[in-house]
Amino acid sequence: MYVMKCTKGEEFRDGSLIPYGNIELPPSAGILNYGQGVLEGLKAYRTKDGSIVLFRPEENARRIKIGAERMCMPSPSVQQFVHAIKKTVIANKRWVPPLGQGSLYIRPLLLGTGSVLGLSPSPEYMFLIYTTPVKSYHKGPLNLVIKDELYRAISGPGGTGGIKSITNYSPAYKGLNEAREEGFSDILYLDAATGKFIEEATGCNIFVVKGNIITTPEAVGTILPGITRKSIIEIAIDLGYQVEERGVPVEELLEADEVFCTGTAMVINPVFSVTYNRTK
């Protein structure tokens, strides 16, 4: 795994590869006490000729910088980030599955590791990357459920729904576990302000297709600007579709010709059904 450190007020310097293993943190570390941390996720793939490729790592580098700024953290430069990703993948190249059999998932973490008991940013930070081979996250089409008593992020631009804050994910466990126990793949969340517009599922963006128009909720404030999402928008426009980024009412979703979800883990997956107020 790759590790790079810095202190508050300084910039990250060159890191190094070390054997995969546990990391040591003080009990008063900022990440443990106040959740000061952000994460990213991307994949490396084998091509037909056996080469290894990455999918737009510069976009992950830019996104983690936005998240770090929101969480009052220093972050690696785009060049440092991409260099570290490449070094880590090369060091783990034997774990990249053959073409069509999966991918190498890459998890960058940016953590506040210094001791801080008062409510203030950590004095020390660690940028860490580890990898693991994976197969498909979801097998087959998705069955989503809308639970209008649960919300993923607060309304407006002041929250952390639009960044990959570490604190965003564990609050979703309870609702996600309940949904899966009921036979659903995931929860589709509505906006917290009105409860009328779809936002995204637990870990992926959503698209609605009606004729030649592809619509997706605008990635502002509460919605994560997914890199696969961005790529789909660019490709759809190139193919002649009309793409609209705006609020999407639940009723519009339920009348769609097609619905699909996108994300690093999700890749692109069709939605088979959406259950709302127990009506599909």
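One residue stands out in region 121-166 among those that are out of contact with any Asp or Glu (no Cβ under 9 Å at 6 or more places or on another chain) and of a type in the set (G, A, S): the one that is farthest from S28 (Cα to Cα), namely G140.
So if I check each of E178, E199, which one is of a type in the set (D, E) and in contact with a Pro (Cβ under 6 Å, 6 or more places away or on another chain)?
It is E199.
Scanning region 26-41 for residues that are touching a Leu at 6+ places or on another chain (Cβ under 7 Å) and either open to solvent by less than 30 Å² (accessible area, probe 1.4 Å) or of a type in the set (V, I, T) (or both) yields I31, G37, V38, L39. Quick check on my filter: what residues within region 1-25 are closer than 12 Å to I129 by Cα, polar (S, T, N, Q) and open to solvent by 100 Å² or more (accessible area, probe 1.4 Å)? Matches in region 1-25: none.
Close contacts from region 113-135, counting a first residue that is polar (S, T, N, Q) and a second that is modelled with pLDDT of 95 or more and not in a loop (DSSP other than H, G, I, E, B), with Cβ to Cβ under 6 Å and a gap of 6+ residues or different chains, come to T113/A29; T113/E124; T113/M126; S122/G30; S122/G112; T131/L104; T131/I106; T132/Y105. All conditions in (1) of a type in the set (S, T, Y); (2) over 22 Å from K65 (Cα atoms); (3) touching an Asp or Glu at 6+ places or on another chain (Cβ under 8 Å) hold for T194, with the sole exception of (3).
Considering region 7-61, and only residues there that are within 22 Å of the chain's Cα centre (by Cα) and part of a loop (DSSP other than H, G, I, E, B), the residue that is nearest to Y125 (Cα to Cα) turns out to be Q36.
Each residue in region 153-198 was checked for being in contact with a Gly (Cβ under 6 Å, 6 or more places away or on another chain) and of a type outside the set (F, W, Y), and 9 pass. The selection criterion, being crowded, with 17+ Cβ neighbours inside 10 Å and within 30 Å of Q101 (Cβ to Cβ), does not hold for E58. Among the helices (runs of 4 or more DSSP H) confined to region 169-280, the ones with at least 2 residues that are closer than 22 Å to G159 by Cβ and open to solvent by 80 Å² or more (accessible area, probe 1.4 Å) are located at 173-181.
Results for (1) buried (at least 19 other Cβ atoms within 10 Å of the Cβ); (2) part of a loop (DSSP other than H, G, I, E, B); (3) in contact (Cβ under 8 Å) with a residue 60 or more places away in the chain; (4) touching a strand residue (DSSP E or B) at 6+ places or on another chain (Cβ under 9 Å), shown as yes or no for each residue.
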{"residue": "L144", "(1), (2), (3), (4)": "yes, no, yes, yes"}
{"residue": "E149", "(1), (2), (3), (4)": "no, yes, no, no"}
{"residue": "R152", "(1), (2), (3), (4)": "yes, yes, yes, yes"}
{"residue": "G158", "(1), (2), (3), (4)": "no, yes, yes, no"}
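Within region 65-78, identify whether any single residue is part of a helix (DSSP H, G or I), of a type in the set (A, V, I, L, M, F, W, C), under 30 Å from R229 (Cβ atoms) and open to solvent by less than 60 Å² (accessible area, probe 1.4 Å), and answer yes or no. Scanning region 65-78 turns up at least one residue that is part of a helix (DSSP H, G or I), of a type in the set (A, V, I, L, M, F, W, C), under 30 Å from R229 (Cβ atoms) and open to solvent by less than 60 Å² (accessible area, probe 1.4 Å).
Listed by first and then second residue, the pairs with beta-carbon distance under 9 Å, at least 6 apart or on different chains, first residue in region 44-65 and within 19 Å of P76 (Cα to Cα), second exposed (fewer than 14 other Cβ atoms within 10 Å of the Cβ), are A61/S77; A61/Q79; K65/S77.
Answer with yes or no whether K48 is of a type in the set (K, R), more than 18 Å from Y169 (Cβ to Cβ) and open to solvent by less than 20 Å² (accessible area, probe 1.4 Å).
Spelling it out, it is not the case that K48 is of a type in the set (K, R), more than 18 Å from Y169 (Cβ to Cβ) and open to solvent by less than 20 Å² (accessible area, probe 1.4 Å).
H83 meets all of the listed conditions (1) in a helix (DSSP H, G or I); (2) open to solvent by less than 80 Å² (accessible area, probe 1.4 Å); (3) within 13 Å of F127 (Cβ to Cβ) but one, namely (2). A count restricted to region 214-259 and to residues that are basic (K, R) and out of contact with any Cys (no Cβ under 9 Å at 6 or more places or on another chain) stands at 2.
The values are calculated or read from the model by the stated rules, or taken from the named source; none is laboratory data. As the structure is a prediction and not an experimental result, all values here were calculated from the model. Here Cβ is always computed from backbone atoms with ideal geometry, including for glycine, and neighbour counts include all displayed protein chains. Accessible surface is based on the protein model in full, side chains and every heavy atom, while ligands, DNA and RNA are left aside. Shrake-Rupley method; radii C 1.70, N 1.55, O 1.52, S 1.80 Å.
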